[in-house]
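Below is one structure, written out as structure tokens; the observations come after it.
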Amino acid sequence: MGLKSKQQYFESLKDGREVFWGGERIEDVTTHPKFKIPLDVAAADYNYDDADARDVLTYTTEEGTQANRIFQIPRSSDDLMARVELYKHASIISGTSGVFMALLGIEDQLRAVKPMYADNIQRIYKHARDNDLRAAELITDAKGDRSRKAHQQDDPDLYLRIVERNDKGIVVRGAKLHITGAAIVHELVVMPTKTMNADEADYAVSFSVPANTPGVKMINRNFAPAELNEFDYPASARFSMPESFIVFDDVFVPWDRVFLAGEYELSMAFALSLGLWERTAGLIEAMEISQVMVGLAQLVTEQQGKGRNPAALSTIAELICYAETIRMGMEHACTNLETTPSGMVHPNVLAVNVAKYYYANNYHLMVKNLHDLAGGLVMTLPEEADLRSNEVGGYLRKYLHTKDDVDIEVRMRVYNLIRDLSADAYGGWQQVVSLQAGGGLFAQRVMMNRSYDMDAAREKALAHAGVVSA
Ligand SMILES: Cc1cc2nc3c(=O)[nH]c(=O)nc-3n(C[C@H](O)[C@H](O)[C@H](O)COP(=O)(O)OP(=O)(O)OC[C@H]3O[C@@H](n4cnc5c(N)ncnc54)[C@H](O)[C@@H]3O)c2cc1C
């Protein structure tokens, strides 16, 4: 019980979970080279010995104990800002553990229909909080033919479903795809990927199971090479995480871990709540990355002696506009809070969706701007080992020279970050994630349609048209 040390976190993962990678069964993720960097990244969130980090990472619970701030239920704007600060420093594993906020956000709706579900959420949440556990978000199903509903697929398991109910619990079968970090967390929190209808009731299912539950098989891959160094891969070394293709091969879930089992009318609430918190986390990441892109654009421009070039300055202005619009959107979302009936606050739904959409819809254009400024070295810069080589290092120092005040190593680090962040390992991941994480562009358009104050807009238009008085 209580906060875990890094060592205790590693130990806690040696639990017999079924993990695969490249066809190999991996018995112990903590000693396998493929997981070294992801584990270093995730373990940094257990760095409670550092006093400064501890302030950001922890809070005092209602019961007076210390817990990771990821479990703090926001009750005020300050709480929410502390959460934003946490996300800026924490790994994506802490981000996915925010799934508990999505569950707690719909506790009232669940309690009204079946109090057991709300009680289960509270219990699992406290279990995770008090044992300093991390969770993965298992939402996206295989989905098969997109034009057909869950129960109409050729194979009824293409969406995860209940195949048996008994007095002890339910048995589920199916797969959840693209699940970030699952192999190195403790709890697998499952939710429906979409709104389910009456004929899809068996697919309206939500629960949480430990990662070592019998029948759960996690097949992994990653965007980054298993072995990389921080000089050549500055972004991947900080963010590398495996993604899991998770199979539920007739998995038993006891009733006290079930949050939904057939009440299809509630499936939409799960999707909406998860989407909100997922997009909020995505936006915080977007604030960080867009500011870094401005910085990189400025640095590379200065280093190449183009600091006064009107074309370069105007491209940088485009990047500034992008970064600032995202930041203002996030700020607006956090100052125009909304509150659930139980008193939990969350960022403004419309603002989060507008800002997330703007970020995702323009991300690739901003990468283009950065590449346009930076030139071919983004892809062709030799590696750190060449710089350190007695034979060729001197050539690199000679021919990468631009001006006296530009240090060659700094210049190489800037290019390496541009490449890794936008055109190589992490960059490839980010190009897809910016669009898909928290649902694709269409999902945000749907939410904008749902949450915009259309009555007010309609009235205003009618007033301007002279149909009604202003
Ligand atoms: C790196 C990465 C990490 C991720 N991490 C997680 C995670 O941790 N947990 C998790 O649950 N998910 C995760 N996801 C999944 C992500 O949420 C989905 O990729 C996203 O919701 C899109 O779903 P999909 O991939 O099945 O694509 P699709 O649903 O096939 O969507 C692709 C496109 O098709 C469109 N489309 C879909 N259905 C129809 C239709 N019937 N008619 C017309 N057009 C349609 C969509 O609007 C979209 O434009 C991750 C994804 C990535 C890439």
remark   = Scanning the range 440-462 for residues that are aliphatic (A, V, I, L, M) and in contact with a Leu (Cβ under 9 Å, 6 or more places away or on another chain), the one nearest to the ligand (Cβ to nearest atom) turns out to be Leu441
ask   = Which condition number does Gly329 fail, the rest of (1) over 21 Å from Leu272 (Cα atoms); (2) in contact with a Lys or Arg (Cβ under 9 Å, 6 or more places away or on another chain) being met?
value = (1)
message = Given the condition surrounded by fewer than 22 Cβ atoms within 10 Å (Cβ to Cβ) and polar (S, T, N, Q), answer yes or no: does some residue in the range 291-299 qualify?
response = yes
query = Can we say Phe35 is hydrophobic (A, V, I, L, M, F, W, C) and either under 21 Å from Leu283 (Cβ atoms) or surrounded by fewer than 22 Cβ atoms within 10 Å (Cβ to Cβ) (or both)?
reply = no
ask   = Only one residue in Tyr452, Tyr426 is closer than 19 Å to Ala226 by Cα and not assigned by TED's automatic domain parsing to the domain that holds Glu230. Which one?
value = Tyr426
ask   = Of all residues in the range 170-198 being within 13 Å of the ligand (Cβ to nearest atom) and small (Gly, Ala, Ser), which is surrounded by the fewest Cβ atoms within 10 Å (Cβ to Cβ)?
value = Ala175
remark   = Exactly one of Ala465, Ala470 is modelled with pLDDT under 95, more than 16 Å from the ligand (Cβ to nearest atom) and over 25 Å from Ala355 (Cα atoms), and that one is Ala470
Residues that are surrounded by fewer than 20 Cβ atoms within 10 Å (Cβ to Cβ), away from the ligand (no atom under 14 Å from the Cβ) and closer than 22 Å to His89 by Cα, drawn from the range 209-233 = Leu228, Asn229, Glu230, Phe231
query = In this structure, does Tyr415 turn out to be of a type in the set (Ser, Thr, Tyr), surrounded by fewer than 17 Cβ atoms within 10 Å (Cβ to Cβ), farther than 14 Å from Phe239 by Cβ and more than 16 Å from the ligand (Cβ to nearest atom)?
reply = no
inquiry  = Among the residues in the range 317-331, are any touching a Gly at 6+ places or on another chain (Cβ under 8 Å), surrounded by fewer than 22 Cβ atoms within 10 Å (Cβ to Cβ) and more than 19 Å from Met448 (Cα to Cα)?
reply    = no
task = Kindly establish whether Val294 is without any contact (Cβ under 8 Å) to a residue 60 or more places away in the chain and among the β-branched types (Val, Ile, Thr).
result = yes
note = Checked Ala198, Ala204 against criteria (touching a Gly at 6+ places or on another chain (Cβ under 9 Å) and under 25 Å from Asp155 (Cα atoms)); the one match is Ala204
query = Of these, Ala90, Ala67, which one is within 16 Å of the ligand (Cβ to nearest atom), buried (at least 19 other Cβ atoms within 10 Å of the Cβ) and not assigned by TED's automatic domain parsing to the domain that holds Cys334?
reply = Ala90
request  = With a cut-off of at least 2 residues that are among the small types (Gly, Ala, Ser) and under 30 Å from Thr180 (Cβ atoms), name the helices (runs of 4 or more DSSP H) lying wholly within the range 416-470.
outcome  = 425-436, 441-451
Total residues in the range 126-169, condition in a loop (DSSP other than H, G, I, E, B), within 12 Å of the ligand (Cβ to nearest atom) and either without any contact (Cβ under 8 Å) to a residue 40 or more places away in the chain or of a type outside the set (D, E, K, R) (or both) = 10
message = Checking the conditions here, which among Glu318, Glu302, Glu288 is under 30 Å from Leu188 (Cβ atoms) and of a type outside the set (Phe, Trp, Tyr)?
response = Glu288
ask   = Out of all the residues in the range 48-64, which are surrounded by fewer than 16 Cβ atoms within 10 Å (Cβ to Cβ) and either more than 23 Å from His127 (Cα to Cα) or not β-branched (Val, Ile, Thr) (or both)?
value = Asp49, Asp50, Ala51, Asp52, Arg54, Asp55, Glu62, Glu63, Gly64
note = Scanning the range 240-288 residue by residue, those of a type in the set (Asp, Glu) and not in a helix (DSSP H, G or I) turn out to be Glu243, Asp249, Asp250, Glu263
request  = Sort through Asn361, Asn369 and tell me the only one that's surrounded by fewer than 15 Cβ atoms within 10 Å (Cβ to Cβ), polar (S, T, N, Q) and in a helix (DSSP H, G or I).
outcome  = Asn361
request  = Would you mind finding the one in Tyr426, Tyr395 that is surrounded by 11 or more Cβ atoms within 10 Å (Cβ to Cβ), under 30 Å from Met287 (Cβ atoms) and aromatic (Phe, Trp, Tyr)?
outcome  = Tyr426
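The values are calculated or read from the model by the stated rules, or taken from the named source; none is laboratory data. Keep in mind the model is a prediction, meaning the values are calculated, not measured. Backbone-built Cβ (ideal geometry, glycine too); neighbour counts: all protein chains shown.
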